[in-house]
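Worksheet: the structure to be examined is printed underneath.
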Amino acid sequence: MLPYFKRCETWEDGESAWRGGTGPLGTQPAKTRDPLFDAWIEAGKAAGFPHTEDYNGQQQEGFGRGQYTIRDGYRSSAATAFLKPAKKRGNLTVETGAHARRVLTQGTRATGVEYVKGSGDVARAQASREVILAGGAFNTPQLLMLSGIGPAAHLREIGIDPVVDLPVGKNLQDHLAVIIFFERLTESTFRREMRFDRMAVSMIRAYLFGTGPGTVVPGGLHAFVKTRPELAVPDIEFMFRGAPAHADLWFPLIRPAYVDGYGIRPTLLHPDSRGEILLRSADARDPPRIIYNFFSAPNDLPSLREGFKRARDVAYQKPMDPYRGAETSPGENVKTDAEIDAWIRKTVITAHHPCGTCAIGIGPDAVVDPELRVRGVERLRVVDASVMPDLVSAHINACVLMIAEKASDMIRGKPPLPPELNA
């Protein structure tokens, strides 16, 4: 996979054994200049965690400076890095204001896609070679099931005749997180910049020139840690916030400045719980049912609780003393396992990394084969996060782009890039 990760990106610090230097996606280390994050790194060391220079490089485990998909002060996304440059191609048509209804099939052969335009007119796009779905972990399984490709019993319940019986929509996963907030004893640069007049100027600078504070994310650190040394990969991530949840614009005598704060978000990287996507009806405009089944597996809540305890331990290390005010969430009165578990259940959110609902593989639980082709259906592939069979110990954006890079070679019949054995 490494050659395809590298082919995606241009890393600001230059190409290396682990990073790309000529790809469409601009990536850079955090530009935050807040001593709070230096203190976090020292606190992590004091708590016994390692430091890493590049958690997307040779060593993931440890506390390391944040990384962002930003280039020259502007967001570098799939849209700006890949789609926008391709829009000038004569063989590309982008249809907006359209809602896909189903994949068209003849028997078990995909022939195109049916969609509804904004006006309500039904249109069809016929495929000369293949249909490629990239609707993500929620909408790709929805569209497949609307097309008769999915769990046969469920499709019959909805009133859809099955074409191919596959475990579409199963295996849904996501990262789970809670956040510990503290008031801050020293004012952050971010709060100073959030004064209305300053931020107005900063946003104009950012929009026109890609420079200034408006181009800097108020976070500058991530950590990937193991709660047990025998683990093969990190099981907890710490995400760091350099601002409180209620941060907002302010101006003297009109609106007072918010109480400054910061947070640490322990995140469960490898939950055992599995959910599923189901249809509500045969109507493509009905949103799918998203059933996560969080904490249905017995180890998930204790694992996240342990991550919370480790995060709190780091937060109370000596290097944080100059910054740490009152713990505002959950508060120092939440101490016992039962109290922590109750708070987790009340406040837990996803990290917005859904995947797994059209998993790749060769066994009965797989929806797509190793070439990303839907099993039992000709000329139909899936290229998005739904094909990931399991969560990675990281955010999934780079993984999805890598999958797309590799899929592009598969679709064109090109040989795969050779592995980089020296990395």
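The values are calculated or read from the model by the stated rules, or taken from the named source; none is laboratory data. Here the structure is a predicted model, which is why all the values come from computation and not from measurement. All Cβ positions, even for glycine, are placed from backbone atoms using ideal geometry, and neighbour counts span all protein chains on display.
Each residue in the range 22-45 was checked for being out of contact with any Asp or Glu (no Cβ under 9 Å at 6 or more places or on another chain), in a loop (DSSP other than H, G, I, E, B) and not small (G, A, S), and 4 of them qualify.
Among the residues of the range 369-382, those that are within 18 Å of L104 (Cα to Cα) and in contact (Cβ under 8 Å) with a residue 12 or more places away in the chain comprise V374, R375, G376, V377, E378, R379, L380, R381, V382. Return the residue satisfying two criteria in turn: it lies in the range 244-265 and is in contact with a Gly (Cβ under 9 Å, 6 or more places away or on another chain) and surrounded by fewer than 20 Cβ atoms within 10 Å (Cβ to Cβ), and of such residues it is nearest to R195 (Cα to Cα). Among those that are in contact with a Gly (Cβ under 9 Å, 6 or more places away or on another chain) and surrounded by fewer than 20 Cβ atoms within 10 Å (Cβ to Cβ), it is A247.
Residue-level analysis places G150 among those that are crowded, with 20+ Cβ neighbours inside 10 Å, at positive phi and either touching a Phe, Trp or Tyr at 6+ places or on another chain (Cβ under 9 Å) or not assigned by TED's automatic domain parsing to the domain that holds D286 (or both). If only residues of the range 359-378 that are in contact with a Leu (Cβ under 7 Å, 6 or more places away or on another chain) and in a loop (DSSP other than H, G, I, E, B) are counted, the one that is nearest to I403 (Cα to Cα) is V367.
Consider the range 1-46 and keep the residues that are farther than 16 Å from D72 by Cβ and of a type in the set (F, W, Y). The one that is surrounded by the most Cβ atoms within 10 Å (Cβ to Cβ) is W40.
For (1) in contact with a helix residue (DSSP H, G or I) (Cβ under 9 Å, 6 or more places away or on another chain); (2) among the charged types (D, E, K, R); (3) outside the structural domain of P50 (by TED's automatic domain parsing), each residue gets a yes or a no:
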residue	(1), (2), (3)
F190	yes, no, no
D197	no, yes, no
Y207	yes, no, no
H222	no, no, no
P229	no, no, no
F240	yes, no, no
A245	no, no, no
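Residues in the range 61-88 that are crowded, with 18+ Cβ neighbours inside 10 Å and under 17 Å from the mean Cα position of the chain (by Cα): G66, Q67, Y68, T69, I70, S76. Here A137 qualifies as under 25 Å from I403 (Cα atoms) and surrounded by 17 or more Cβ atoms within 10 Å (Cβ to Cβ).
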